[in-house]
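We did not get these values from a lab; they are worked out from the coordinates using the rules stated. Because the structure is predicted, anything quoted here is derived from the model rather than measured. Reconstructed Cβ throughout: ideal geometry from the backbone, glycine too, with neighbour counts over all protein chains shown.
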Amino acid sequence: MLILRYLWIIPALPLLGAAINGLAGMFLPRWPNKAVSAVALGSTGLSFAAVLELVREFVHYAPYPLPWVRQYFTWIAAGDFRAGFDLQLDQLTIVMLLVVTGVGWLIHIYSTGYMAREGGYYRFFAYLNLFTFFMLVLVLAANFALLFVGWEGVGLCSYLLIGFWFLKRSASDAGKKAFIVNRIGDFGFMLGMFLLYRTFGSLDFRAVFGQASSLPAESFGQFGLLTVVCLLLFAGATGKSAQLPLYVWLPDAMEGPTPVSALIHAATMVTAGVYMVARSHTLFRLSPTALFVVAAAGAATALFSATIALVQNDIKRVLAYSTISQLGYMFLACGAGAFAAGIFHLMTHSFFKALLFLAAGSVIHALGGEQDMRKMGGLAGRVRWTWLTMLMATLAIAGAPGFSGFFSKDAILLAALGGAHGGVWLYAAGLFTALLTALYMFRLLFLTFHGQPRFDEHQAHVHESPGSMLAPLMILAVLSVAGGWMAAPEFWGGSSYFERFLAPVFGAAAEAAPASAEIQKFAAIAAGVALAGFLLAWAFYLWRPEAPRRLAGSLRAAYDLLLHKYFVDELYGAVVVRPLLWLSTNLFWKAVDSAGIDGAVNGVAASAAGLGDRVRRVHSGNTRSYAVWVVIGALAVIAVIFWPLLREALAPGAVTGMVR
Amino acid sequence: MNTLVAGFPLLAVTVVKVVVLLFVVLTALAYLTWFERKVVAHIQTRWGPYRVGPHGLLQPLADGLKFLFKEDPAPAGAERFVYYLAPFLAMTLALTTFAVIPFGPQDMRIFGQRTPLGITDLNIGLLILFAITSLGVYGVALAGWSSNSKYPLLGGLRSSAQMFSYELALTLSVVGVLLMAGSFRLREIIEAQQGRLWGVLPRWNIIASPFPQVLGFLCYFVAAVAETNRAPFDLPEAESELVAGFHTEYASFKFAMFFMGEYANMITVSCLAAIMFFGGWISPFPPTQAWAWTAFLPAALLAALGLYLFFDGLRYETLLGRTVLPLLGAALGALAAFLALHPGANAFIQGPFWFLLKVLLFLFFYVWARGTLPRLRYDQLMAIGWKLLLPLSLANVLLTSLLLAWKQK
Amino acid sequence: MIIQTILFLVFAGLAVAGAVSLILQRHPIHCALSLIVVMVSLAGLYLLLGAEFVAAVQIIVYAGAIMVLFVFVIMLLNAGEEERTNLSRLARAAGVPLALALTAVLGVIITKAVRVGAAKPLLPTATRNLALLLFKDYVFPFELTSFLILVAILGAVVLAQRER
Amino acid sequence: MPLTSECLILSALLFGLGVAGFIFKRNLITIFMAVELMLNAVNLAFVAFSRVWGMDGQVFVFFVIVVAAAEAAVGLAIIILIARNRQSLNVERVDFLKL
């Protein structure tokens, strides 16, 4: 049968898995872990297979028109508003589907090994499958409403999974933080949706974009309707994809299990924002202001979080900040109008960042839960495969020539400079970030795998991870090495296939591609920067390990600033959280609720009681008196109801109306 | 109701009919007791009443006289009015039910008035019948209460409880029949059962399509036996426990009234059974030429009975028997001959003949049950009523209505 | 016609007599009997009014079941003569006038309320029409009453069982 | 319509008698009977009206009867309860407003 016709199968499968695992795990006393893994892997694997089949059909049948929309049932119908459970398919969706299901499946496999000894095994996989379901809905949605469903759903799952060890205070707090911060962004998103509906009278992508494309583009600096919409949507994106100023939740999200960090907070969920912006590129293209904001925010975030990543010691936090900065890259690309490049980077990033996280997880696994890089080192020989894959990933993200990261980042930088809305500053920021990226990634690599072992041999007996964890690592390693060639510009002998594949979505390469000489020049520069970063890292952390401390000592202030992440959390705490708490405690709780509402309720009750206490005296308890009262009442009622008849009868000279 | 309005001549006719019927029924009651005693006796391999008259044929008369001449005490502190009212109610209500029962298809003429065979023919005959029987409870309950004595009180409570427990099942069990007939008029109910299944079998409700009322009939008959306080459901007068139940304190003629009421109820119920489930006066044989000879069955039966009486009577012990029985036999034979020779009379007799035959059959069942079955315990009785018969009859109603609806589709 | 009037008078007289004796009798059983008389005579009136089915139901359900229940309870509780206490001054004072007033008002209204309409001719299949009405137009209330009965049964059982 | 209005007057009369009984009887059971009497009066009115306004009146009679039956069941149960707890059926002796 044609998956094209039954798109719903793809999200349905993980949902089924989630349902089975959740319910069975909850209600069957002995629901074995084997069964859980079987169900979870089976469902996600099947949906991955379904996606592959879908791709085959997509290529084979070339469905028309694009996007290929299937309407399954109407979810909301209010007045002339309709939000259906409509799924759509186009090249962009396909890319996202491949990433979500493919990487997702690998991470599922990895998790079976990683979570093997954890409690709540079934819970974990139920959540994970549920997440996959919502992510797929988000990606396949054909209107903003359904997209929002997926959007919130992944938010929920991320909350559940961050707080997976909910007995750990920090974990549950992190979960709440993630959720609340996301709500702020979502608020923007919702406003954007409302505005869209008010403007275009629909939330279906086809309708909205169709009408929008007929509108005139707004000039730069003009805050027209489209700009406002785009900015609101982008606010949502900043929340979901952890951009300035709403990035704060992502680092804390590292409290969750590592596979979760890999799947949700690196590969898929956090890229939802990018996807959403890319999806609504039609709108953004029409508003240079919004594009500029996006680009600027992206660049700033990239740079900003990269600097923080330099000094973090928790291996996962480093990766978290690097994720943020890479997301910044993607937004930079989108802002520069090179949506294809952004999506491309999204894909490659999902490969190598997932790999990085998984490898880090493997390291943590090897050291029995140790996450502080200062207590690692010299692991290269001990966990060879992990090291190898980690190396691949690092090279990829650092942008070593020939690795996937190189191409994607290169494309972004090119776009940032020469793109439709590019600019030299954006380019500079991107470039500098590239340098920093290489630096902190190699720092991580060196601190973890090289130099002297700094961990305690006796308690941490290092061991390589089981095959179920290594296999995904290797597959991802291969992908992150080879993944880039899809978009390699011509002169690399590649075919730039990716852009041409996405062309139907984003329009033929919007950015005026510079001459290949130019390209080579810039590629060289990028490679050089990456190399510089590598050398710096080598100098600091292998050649003279004491150098960093001195440096830190000499620039104490800057170092502290970075170490404490620019005190952003504290700032937010002071500006937002505490006033809010004060307000809700004193005003809403004490004044409104306790005094106002409860007071009213109790007052009514009390008055009723008092009244009853007075009226009580009427009740003698003698039923016959009651009977009399009843009769009197009946008489009165009858008299009132039938008054006209009575008057007619009592009128002088009225004969009693016998009916004859 | 329409019959109520029609005027005086009809009133006269009705009076005549009532008188005749009362006479017939009362003698029938009397001889029903004789019949019962005989049958039970033979079940218990005794001879039964034999002294008073040949084959004890005069026994009922003797009993009646005995009842009349007995002393009639009323217990001290009895609630007089009610005490006298109760037996009266019991008997009158029981007898009233005969008013609506049709005995034959053809009309007869009295004073040149064509009137149906049977006192009246209401369009809600069955309902009226049930209404009256439902009032029958009072006789028992009031009797038990008013005689100011503990056995009667218990007996009264029991029997009233029993009667209105079984009334539900009784009423529900005939609903199926009503659905199939589509009328409360007993005559129409019978006529709805005319026609043949596969040309041979009579389309009586007991076997009629769409849903044979076997279930309904079983419920009906059991409930009826209980309703009439007969064995094996005769707890109200369970000698071993409460002497004679609600009529312990009654003697002489008041007791006789209860007695007659009970037997009258038996007859009514049997008539209803015949009408409801066994096609009333409809002959079991198809009305085709091949079966024309069955028209002479009544005559033949009478003749046979006459001959038996005649020759059996000739060598009877007592002189009286030797004189009376042959005469009786001869009379029966003459009647048989008359029927055989007079086609009109024969045709007229067919309906009543079959009807009475069926009724007699049911009465025999009654007696048979009394002669053979042990008495139930009280809780068993209630359990049967509420937990077995009621659900069964409900199921019967459901099935019948469903099948009817399906058939009409 | 004349017969009809006579019958009406007979039944009406019986009904009123029964009602009066219901009030005057002191013993519950006698009250019950007089009420039964009222009901039966009402059934007769229904027959006169051409509502055979209602008449039958009136006797079967009211006289044959409900009143039996009453008698049953009276026998069960062995209720004796009622004592004529007079603790309620209100009832003694206002009882009679109230009853009279109510009767008068009702009589006036009810008779006025009969607008002389073309009286419905008595249909031969009155019962059938009744059934159609009951099971088509009024089927929902009908079902509701079945629920009511169920609830009543449960309530009665719960109330009457001896707490153990 | 023949008999209709007579029946109506009769029903009013019976209802009045019922009210009187309702007020003047002391025995719980008989009071209950008075209530039944009123219901019967109403039924009579319904049937009488059904002569003029069509069958619906008779249907209502059914509902009244059903309600009466339910009421009788529950009411008598309550009466039995009261009799058990108070050893008296006189309403004037049952005035604690609680069982």
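Quick rundown of the values:
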| item | result |
| --- | --- |
| Within chain A, helix-based [θ] at 222 nm, where runs of 4 or more DSSP H residues each add -39,500 (n - 2.57), nearest 500 | -21500 deg cm²/dmol |
| Rounded, prolate or oblate (a/c below 1.5 giving rounded, otherwise prolate when a/b exceeds b/c) for the stretch B:24-133 by Cα gyration tensor | oblate |
| Phi-based couplings in Hz for the stretch A:269-284 (Karplus 6.51, -1.76, 1.60; Gly and Pro marked x) | 4, 5, 7, 4, x, 4, 4, 4, 4, 5, 4, 9, 4, 3, 5, 5 |
| Estimated D of the stretch B:127-274 in µm² per second, where Rh is the Kirkwood radius over Cα pairs and Stokes-Einstein applies at 25 °C, 0.890 mPa s | 148 µm²/s |
| Positive-end extreme of charge dipole, chain B - chosen from B:81, B:224, B:211 (charges on Cβ) | B:211 |
| Average Cα contact separation per residue, the stretch C:2-81, under 8 Å, 6 or more apart, as relative contact order % | 31 percent |
| Whole-number D in µm²/s for the stretch C:2-81 (Stokes-Einstein; Kirkwood sum over Cα pairs; 10 °C, 1.306 mPa s) | 121 µm²/s |
| Amide H contacts of residue A:69 (H built 1.01 Å from N, under 5 Å, at least 5 apart or other chain) | A:89 |
| Amide H within-cut-off set for residue A:75, under 5 Å, with H built and near neighbours excluded | A:83, A:84, A:85 |
| Packing-based exposure ordering (other Cβ within 10 Å, fewest first) of B:281, A:589 | A:589, B:281 |
| Helix A:9-27 vs. chain A, principal-axis angle (Cα, 0 to 90°, nearest 10) | 70 degrees |
| Phi-based couplings in Hz for the stretch A:121-128 (Karplus 6.51, -1.76, 1.60; Gly and Pro marked x) | 4, 4, 4, 4, 6, 4, 4, 4 |
| Amide hydrogen neighbours beyond the local backbone of residue B:119, cut-off 5 Å, H modeled | B:101 |
| Quotient of Cα Rg and 2.2 N^0.38 Å for chain A, N being how many residues it contains | 1.22 |
| Calculated log₁₀ intensity ratio I(q)/I(0) where the Debye formula runs over C-alpha points of the stretch B:84-148, q = 0.16, 0.17, 0.27, 0.29 Å⁻¹ | -0.62, -0.66, -1.05, -1.13 |
| Rounded to the nearest 20 debye, dipole of chain A from Cβ charges on Lys, Arg, Asp, Glu | 1280 debye |
| Table column - 3J(HN,Hα) (Hz), the stretch A:163-179, Karplus curve with 6.51, -1.76, 1.60, x for Gly and Pro | x, 4, 8, 5, 6, 7, 3, 4, 5, 5, 4, 4, x, 4, 4, 3, 4 |
| Sorted by Cβ neighbour density within 10 Å, fewest at the top, the residues C:47, A:66, A:355 | A:66, C:47, A:355 |
| Cα-based radius of gyration of the stretch B:305-372 once divided by 2.2 N^0.38 Å, which approximates compact folds | 1.43 |
| Shape call, chain C: gyration tensor on alpha carbons, a/c limit 1.5 | oblate |
| Tilt relative to chain A, helix A:497-506 - C-alpha long axis, 0 to 90 degrees, to 10 | 30 degrees |
| Cα-based convex hull volume of the stretch D:40-99 per residue, rounded to whole Å³ | 90 Å³ |
| Residue order, fewest to most surrounding Cβ atoms within 10 angstrom, among A:57, B:262 | A:57, B:262 |
| Orientation-averaged projected area, Cα convex hull of the stretch A:572-631 (nm²) | 6.1 nm² |
| Gyration tensor (Cα) of the stretch A:1-80, equivalent ellipsoid semi-axes in angstrom | 31, 20, 6 |
| Size-normalised alpha-carbon gyration radius of the stretch D:1-63, reference 2.2 N^0.38 Å | 1.22 |
| Given B:150/B:254; A:168/A:353; A:240/A:353; A:177/A:316; A:177/A:240, the pairs whose alpha carbons are separated by over 22 Å | A:168/A:353 |
| Cα centroid separation, the stretch B:378-392 to the stretch D:26-99 (Å) | 29 Å |
| Principal-axis tilt of helix D:28-53 within chain D, Cα atoms, nearest 10 degrees | 10 degrees |
| Histogram of C-alpha separations across the protein assembly as shown, 20 Å bin width, % | 9, 25, 16, 15, 19, 12, 3, 0 |
| Coordinate range along principal axes, alpha carbons of chain B, Å, largest first | 67, 67, 50 |
| Distance from the stretch A:340-408 to the stretch C:25-94 (C-alpha centre basis), Å | 95 Å |
| Cβ-based charge dipole, chain A, positive-most Cα from A:558, A:162, A:3 | A:162 |
